[in-house]
Each structure stands twice: as C-alpha cells, then as structure tokens.
1. Go over the candidates 99, 127 one by one and state the one that is under 22 Å from residue 20 (Cβ atoms) and surrounded by 14 or more Cβ atoms within 10 Å (Cβ to Cβ).
2. Return yes when residue 167 is touching an Asp or Glu at 6+ places or on another chain (Cβ under 6 Å), assigned to a strand (DSSP E or B), among the β-branched types (Val, Ile, Thr) and on the phi < 0 side of the Ramachandran plot and no when it is not.
3. Which members of the stretch 43-69 meet the condition of being surrounded by 19 or more Cβ atoms within 10 Å (Cβ to Cβ) and either away from the ligand (no atom under 16 Å from the Cβ) or not in a strand (DSSP E or B) (or both)?
Amino acid sequence: MKKFFVLGLLALSAMVFGAENLIKNGDFSQVTADGKPANWTTWPAKMAPGVKVEIDKNTGHNDDQSVAITNPAKKYYTRIDQLNIPVKPNTKYMIRAYIKGMNLEHSKKCGSARIFVGADGIVNKTIAIAGPGIERAKMKAVDPWSFDWTEFKTTFNSRKNTKVGLTIYLHFTQGTIWVDDVELVEVK
Ligand SMILES: [Ca+2]
C-alpha cells in the first residue's frame, strides 16, 4: 500500500514539475577513480596547493554526499563546470542548487559563491546568475560567513541558444562551499 502511494506521488510530481534534469550527476553520487565528481570539470585544471575540489562523503543536502570547493586564501578562483548542455531555444528554464558555506572571507571585488549559466554552451556570456554571491546583502553576510544548506535558484529564457554552459564557483573568496542537487529543468 505504502509503495503504491510513493509511486503515485512520484508520478504526480513528474507530471506537475514535468521536466527531466539536464544536469548530469547533479547530486554528486558518481565519483571518478581519482575522487573527482563525474561529469564535472574542475577549473583551473592545475590547482594551487591548498585549493581543493573534492567529494565530501559526510555532507550532503538530500543524502550524505556533495562536492566541496575550498580556497585557502582570498586570491583564488575555483570552479566546477558542466558545458555544452543541450537546451531548446526560446524556452523557460530554472537553474537551482543547494549550497552550504563555511568561514567565507571575501576580497573587495569578489563574486563570492555563484551559480552561472552562460550562452553558447560555455561560460563567458551571462544568461542567468544566482547564489550566495547575489544574495549576500539580503542574507546579512558578515565575514567569516557561514550558512547551512540553502536553496538558490532563478529562471531564465534560453533565447537563441541550443546549448548552455553551467559553472558553480568560489571567486576571490576564502573558505569552503558545499554544492548539491544541481538542477536545470524546463519550466512553464
Ligand atoms: Ca548529494
């Protein structure tokens, strides 16, 4: 009985929320042999000592696993990218991720932690942006800034794009962010 109820709920949410998540390994459950999140590219490819992008098997949003990005000083800029994500042109999408932050210390011109969607399958030209770096004032951030798992999302129109690029980053900011349950879905 309970099983049927759960299946019914799943079917219902699929109908209500519709679309498939276009992000691969958005829950960071899949890990490569060298301990990196599968389907994500870390940038820069060669990281300075103390800069880390790693799967944390003890911290997650809906489970106990996520990716952690650590900058040991304010001068570092570290990203995880997923590029060339196919989308339908002129269509509304939602980008969402859950982010947790610990001991963030910001430099003057930093972007802090952000979720960025770019045109043409890459991450140069902004289509959409969200995240702690956008909501710092609203969240009354004071350094060193720590916050528990928080939902960050925005909607955007894909305009002429047939593919977009996604990056989630910690920009000229010291500290650690955890990222989980990244979702890019078509919305009405
Ligand atoms: Ca997870």
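Quick note: the coordinates plus some simple rules give every number you see, no bench work behind them. These figures come from a predicted structure and were not determined experimentally. No Cβ is skipped: glycine too gets one built from the backbone with ideal geometry, and neighbour counts run over all protein chains shown.
1. Of the residues listed, the single one that is under 22 Å from residue 20 (Cβ atoms) and surrounded by 14 or more Cβ atoms within 10 Å (Cβ to Cβ) is 127.
2. Details: touching an Asp or Glu at 6+ places or on another chain (Cβ under 6 Å): yes; assigned to a strand (DSSP E or B): yes; among the β-branched types (Val, Ile, Thr): yes; on the phi < 0 side of the Ramachandran plot: yes.
So residue 167 fits the description; yes.
3. Selection gives 60, 61, 65.
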